[in-house]
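Student: Below is one structure. I have some questions about it.
A short reminder: the numbers here are calculations on the coordinates, not readings from a lab. Model, not experiment: these values are computed from the prediction. Heads up, the Cβs are rebuilt from the backbone with ideal geometry, glycines too, and the neighbour counts pull from every protein chain shown.
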Amino acid sequence: MMNYSSVRSDPPDETAIRAETVNVVRGTRHVLRDLDFTVPRGQITGLLGPSGCGKTTLMRAIVGTQAKVTGTLDILGRPAGHPTLRTRIGYVTQAPSVYDDLTVRQNLTYFAEILDPGHAAADRRHDNVTRTIADVDLTSHADALAGNLSGGQRSRVSLAVALLGTPELLVLDEPTVGLDPVLRRDLWNLFHDIAASRGATLLISSHVTDEAERCHRLLLMREGRILADDTPDALRTRTHSETVEAAFLHLVDEATAAARAKETTR
Amino acid sequence: MTTTTSPTTTPRPALTGALNLARTTTTAARVLRQLRHDPRTIALMLLVPCVMLFLLRYVFDGNPRTFDNIGASLLGIFPLITMFLVTSIATLRERTSGTLERLLAMPLGKGDLIAGYALAFGTLAIIQSALATGLALWFLGLDVTGSPWLLLLVALLDALLGTALGLFVSAFAASEFQAVQFMPAVIFPQLLLCGLFTPRDNMHPALEAISNVLPMSYAVDGMNEVLKHTDMTANFVRDALIVAGCALLVLGLGAATLRRRTA
């Protein structure tokens with residue numbers, strides 16, 4: 001069996017995402033401001049921050065669907081949006097993007113055919129689709145129309161599409177919103193399994209801070225800036241906090257106080 | 001929940017060329033599969049033109065000559081209008097549901113997507129045109145001098161033009177409400193000026209000049225050539241080429257409205 005990493009054309013690099021002074025302006029709003037960070041390969045990095053802080057815009061910039069991104073943003077050794085990255089990245093938007101008038105299996109089969117076209121690949125695609133449906137625990141609903149599923153089930157169909165084709169980088173925008181605790185735990189087990197067994201990199205946004213404890217690294221964002229980039233343990237130690245949530249609040253307060261001090265000295 | 005297997009040996013798929021046959025046909029099959037889950041839309045698409053022709057035949061009960069003229073023109077106009085509506089709504093849905101963004105983040109060429117849509121709706125247009133043409137010729141006594149195959153060819157080109165226009169305007173519609181309103185805006189002026197109600201050379205010169213640059217005029221002219229001549233005339237070939245050329249041009253414009261990167 002061929003080793004997955006040997007297929008990779010560029011030299012192995014420990015960095016999956018490298019951002020240097022990344023800025024995004026949407027209309028009159030400066031959504032991302034001078035972001036500098038790196039995301040290591042093979043780990044789960046959590047992207048945390050209040051809603052409206054720029055998480056989704058950053059994710060869209062990484063997968064190459066965001067217009068007007070300035071600065072350097074290299075993904076898997078290529079500039080973001082490079083055509084060769086399209087088969088190597090899986091992206092799940094916050095709202096499930098699947099065809100409501102197709103069944104779960106028909107949805108996945110179509111996207112699998114786009115990723116891996118041709119008659120010769122039919123068996124491989126079939127296995128891939130069946131495995132992916134099992135991964136997101138929808139085997140019993142494989143022949144149900146996506147439009148007839150519950151919200152949580154539809155978002156899992158959307159997640160399954162991103163798991164097709166064994167991507168090297170998975171970008172997941174709030175994948176566990178609206179799911180019950182059991183399913184959330186199972187999905188997080190799946191994410192860890194993907195990172196461990198395939199060596200894939202996962203970037204997962206969330207505003208549920210208890211999920212942050214399950215990430216290898218965290219990027220804390222606030223108002224378009226990176227507030228912290230560290231492991232959960234280091235963050236807790238640095239802020240003398242019990243939980244990541246407390247650490248995050250501590251950092252937000254610190255940043256707000258610093259901004260206010262700057263205002264008054266002006 | 002099961003665990004994932006070890007890394008699979010999926011070879012890196014080839015990059016998107018201008019057009020990938022497998023991706024185009026799979027997209028067409030997907031669009032048709034979506035429609036299959038919506039039998040009412042299929043029934044409306046196929047039956048409404050037939051019912052309209054039937055109505056028209058008995059509206060002009062005392063004047064079969066008028067039915068010949070208008071009936072032949074309508075055989076070209078129906079597929080254009082239906083395909084315009086269906087395509088504009090379908091692609092608008094694709095844009096608003098996020099599936100378009102997802103597809104464009106995958107190795108799918110814009111040409112594959114558009115050709116896929118054109119292929120799927122083109123197939124449906126063939127069925128629709130065949131039903132309407134057959135009904136008009138053999139049951140409603142539409143008197144056509146030329147070959148019914150030529151009628152079908154023009155109908156198909158018109159359907160392609162409708163698909164192209166629908167795809168293009170969907171880029172400018174933010175909701176289904178707006179998309180439907182584009183029908184009167186884009187189709188009705190052409191309908192008035194295409195020579196259906198009065199020959200184009202009887203119109204005010206300014207309107208005639210406008211009608212000369214609207215594609216539907218050539219669709220109707222082409223139908224009338226088939227109506228009056230046994231052979232494929234030079235005018236027919238010109239009309240058919242103009243309709244086909246317009247369809248391709250608008251499809252190209254439609255492709256330009258599909259952006260991989262959006263604000």
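Student: Using +1 at the C-beta of Lys and Arg and -1 at the C-beta of Asp and Glu, which of A:256, B:150, B:55 has the Cα lying farthest in the positive direction of the dipole of the protein assembly as shown?
Tutor: A:256
Student: Can you list residues whose amide H is under 5 Å from residue A:222's amide H, if they're 5+ apart or on another chain and H is modeled 1.01 Å from N?
Tutor: Placed amide hydrogens put A:227 under 5 Å from residue A:222.
Student: What Kirkwood hydrodynamic radius, in Å, does chain A give when the mean of 1/r is taken over all pairs of distinct Cα atoms and then inverted?
Tutor: 19.5 Å
Student: Where does chain B land on the Kirkwood hydrodynamic radius, alpha-carbon pairs, in angstrom?
Tutor: 19.7 Å
Student: Hey, what number do you get for chain B at 222 nm if only DSSP H runs of n ≥ 4 count, each worth -39500 (n - 2.57), divided across all residues, to the nearest 500?
Tutor: -24000 deg cm²/dmol
Student: With a cut-off of 8 Å between alpha carbons and a minimum separation of six or more residues, what is the relative contact order of the stretch B:21-257 in percent?
Tutor: 28 percent
Student: Within 10 Å of each Cβ in peptide A:130-141, how many partner chain Cβ atoms are there on average? Round it to a whole number, please.
Tutor: Mean number of neighbouring Cβ atoms from other chains: 2.
Student: Hey, got the average number of other protein chain Cβ atoms within 10 angstrom for residues in A:91-101?
Tutor: Partner-chain Cβ atoms within 10 Å, mean over residues of A:91-101: 5.
Student: On the Cα set of the protein assembly as shown, report Rg and Dmax in Å, please.
Tutor: Reported Rg and Dmax, both Å: 27.9, 94.
Student: Using r as the Cβ-Cβ distance of residue A:216 and residue B:22, and R0 as 41 Å, what FRET efficiency do you calculate, to the nearest 0.05?
Tutor: 0.60
Student: Any idea what the relative contact order of chain A is, in percent, if you count C-alpha pairs under 8 Å spaced at least 6 apart?
Tutor: 24 percent
Student: Averaged over peptide B:93-106, how many Cβ atoms belonging to another chain are found within 10 Å of each residue's Cβ?
Tutor: 6
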